[in-house]
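Q: I'd like to ask some things about the structure below.
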């Protein structure tokens, strides 16, 4: 059986571009004992991919040149030599940018049991994006009713869930996003109390007006100039959740910015880094809540679905250009 | 009765110098109901004073021009119109750079009941320095046995206590200090496992060698270039306690430095700001431990005692020049 794969062709300096990847046709090898074959339905494109292909020290070893691009995907088991994975099981995991994945259990993040909900959600609000929002906000951000919660990339796959879960927690939510359309989505689709366009010339004034009582929780997906502005409005005891650094094109060397120790000190704030994989033992507790909120119409998400594996190579750069209006996915059509 | 006071004469830009202060003779006014008179024995000089006289936003309103310099002091109640403060009581509190303080209870940080120990300790290891070390390290740093704990200004009044309490907690301690004499004190007096001179040309290499297994707790009194170096060695789950920013001469505007969000994110680290006054309700629990450790010879400190109130104006600048080898105090001799 033929398998189209997207491989890393060269190592980017900064944001991965389409030309850093190449498509390859391979033959699906026969399954060994303990393996199973997943036919991918949806492939994910996400900001973290920049780190995965970077040579700089990071969470994991970089994807090698010529290797299939590391990626989350969800699909269906179509053949199995493993007793715990049956044909017909839906799975989400590190299955790569490819049509078929020969997988072992370690590659699977979770079995998708919410069969009443679309499988694509398992790569977004019912996957690592929703889990990141859930644990980052609730465990590290520790919101209290009445808190002002500020979210950067507020209309994005993670940020939009953060804003909604903060509302469910009784907080006042201020979203920061780029452009009028995303700001509108923040308020109209995701229920933010206020949305601020960081590209607006009076961004800082708008932020000050929206955060008059101080920022109790800052859920940060950007770092950079947006964070610099938010940190000047911390309230005493503020919690800052560092979830991503999307505004910084390269950390090698780290860019310069105003030192922030004084804010942390004077406001007795707490800044915590989040890696969702640390919460793997608690995923199912969160999925139960997230799925119930979706069914009840209290948690919504947006998806941007590209068709065909040929869309993969350019997808990361597309994300960083902010062109997507929701979770960016690539749908594969089979048979 | 005549009272010599040290007043703020002009607002410094950066580190307060002797010429920013002036000595004044005043008459002690009669006590009103609810007041008591403290004869100060020791006046404290500390890095935080830079903030107290700065016009920039800070914990508290700045000391006004012409006002007695805000300062911790310890002394004895010599007259009282308050039922809970008796003549002979020893107190430590915000009594100012002056010989006599007309005080109300709110000015008193604590009554000093450890009459077997020198009163001067109430301004250092048995005062806010020791309390800062105790709560900053144990509450925010949360050291575990076997952790590597790095301390900046390691030989200072706070840092030396942090290093010793970390050793008592079963940690490996690495002190960072300026110059050979302070590094020697770190190892010989305060029991650090390693001491590194941040002025040494190979500071970064020495730090890397001393932190081979990663930094689990960083107790930071300096910010700036020293912190930049330490943050490159964080271990996963590291705790950073921001206690002071001694290496930064002015925060108005904030100086630039390499952005640190990526370290926090990749290492899932936690950076917390500490203000010791938040722990006021727990001071006595810590004082009991600290005093017992001192009596048992397991916690030691160094004091640099200047004689006479005339020494006050230059004392802050002296601190920032790093000339003191211990907690800097001014002793007042009374008739």
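Q: How far is residue A:11 from itself in the other copies, in nm, if each label sits 7 Å out from Cα along the Cα-Cβ line, shortest first?
A: Nearest first, the other copies' label points are 5.2 nm away.
Q: What angle, in degrees between 0 and 90 and rounded to the nearest 10, separates the Cα long axis of helix B:157-168 from the longest principal axis of the Cα atoms of chain B?
A: For B:157-168 against chain B, the angle is about 50 degrees.
Q: Given the alpha-carbon gyration tensor of the range B:239-335, what are the semi-axes of its equivalent ellipsoid in whole angstrom, ordered largest first, with each equal to the square root of 5 times an eigenvalue? Before the final figure, lay out the partial values.
A: Values: eigenvalues 202, 112, 32 Å².
Equivalent-ellipsoid dimensions as semi-axes: 32, 24, 13 Å.
Q: Averaged over B:272-279, how many beta carbons belonging to a partner chain fall within 10 Å of each residue's beta carbon? Kindly include the intermediate steps, with their values, before the conclusion.
A: On the way: counts 8, 15, 3, 5, 0, 1, 3, 0.
What the average comes to for B:272-279 is 4.
Q: Now for a different question. How big, in percent, is the set of alpha carbon pairs in the range B:216-268 lying more than 16 Å apart? Could you put the intermediate results ahead of the total?
A: Working: 559 of 1378 pairs.
Of all Cα-Cα distances in the range B:216-268, 41 percent exceed 16 Å.
Q: Mind checking A:214-227 for the average number of partner chain beta-carbons within 10 Å of each residue's beta-carbon? All intermediate terms of the calculation are to be shown ahead of the outcome.
A: Working: counts 0, 0, 0, 0, 0, 0, 3, 0, 1, 6, 2, 0, 0, 2.
Other-chain Cβ atoms within 10 Å of each residue's Cβ, averaged: 1.
Q: Under the definition of partner shielding as Cβ atoms of other protein chains within 10 Å of a residue Cβ, what is the mean value for peptide A:230-238? Walk me through the numbers before you get to the answer.
A: On the way: counts 0, 1, 2, 0, 1, 0, 4, 2, 1.
Per residue, the average neighbour count from other chains is 1.
Q: Relative to the other copies, what are the label-point distances for residue A:228, with labels 7 Å from Cα along the C-beta vector, expressed in nm at one decimal and sorted shortest first?
A: Residue A:228 label point versus its equivalents elsewhere: 1.5 nm.
Q: Sorted from largest down, what three extents in whole angstroms do the Cα atoms of the range B:107-181 have along their principal axes?
A: 36, 29, 24
Q: In addition: Based on other C-beta atoms within 10 Å, arrange B:74, A:115 from fewest to most. Walk me through the numbers before you get to the answer.
A: Values: B:74 26, A:115 7.
The most exposed by this proxy come first: A:115, B:74.
Q: Starting from one equal scatterer on each C-alpha and no solvent at all, send me the Debye-based log10 I(q)/I(0) for the range B:128-277 at q = 0.14, 0.16, 0.18 Å⁻¹, two decimals.
A: -0.58, -0.78, -1.01
Q: From the label point of residue A:305, set 7 Å along Cα to the beta carbon, how far off in nm is each other copy's matching point, shortest first?
A: 8.0
Q: Now for a separate question. Largest first and in whole Å, what are the equivalent-ellipsoid semi-axes of the protein assembly as shown based on the Cα gyration tensor, each being the root of 5 times an eigenvalue? Could the numbers behind the result be given before it?
A: Details: eigenvalues 624, 135, 94 Å².
Working through the eigenvalues yields semi-axes of 56, 26, 22 Å.
Q: Only counting other Cβ atoms within 10 Å, I'd like A:158, B:330 sorted with the fewest neighbours first. Don't skip to the end; give the middle numbers.
A: Details: A:158 31, B:330 24.
By the 10 Å Cβ count, ascending: B:330, A:158.
Q: What ranking do A:70, B:11 get, fewest neighbouring Cβ atoms within 10 angstrom at the top?
A: Final ranking by Cβ density, sparse to dense: B:11, A:70.
Q: Which angle between 0 and 90 degrees, to the nearest 10, do you get for helix B:283-295 versus the longest principal axis of chain B when only C-alpha atoms count?
A: For B:283-295 against chain B, the angle is about 80 degrees.
Q: Plugging the Kirkwood radius over Cα pairs into Stokes-Einstein for chain B, at a temperature of 4 °C and a viscosity of 1.567 mPa s, what D comes out in µm²/s?
A: Numbers: Rh = 20.6 Å.
Here the translational diffusion coefficient equals 63 µm²/s.
Q: Counting only helical runs of four or more DSSP H residues, what would the 222 nm mean residue ellipticity of chain A come to if each run contributes -39,500 (n - 2.57) and the total is spread over all its residues? Kindly include the intermediate steps, with their values, before the conclusion.
A: Details: 9 runs with 74 residues, N = 335.
After summing the helix terms and dividing by the residues of chain A, the value is -6000 deg cm²/dmol.
Each reported figure results from applying straightforward, stated rules to the coordinates on display, with no laboratory input. The shown structure was predicted, so the numbers you read here are calculated from the model rather than taken from an experiment. Don't worry about glycine lacking a Cβ; one is built from the backbone with ideal geometry, like all the others, and counts go over all protein chains shown.
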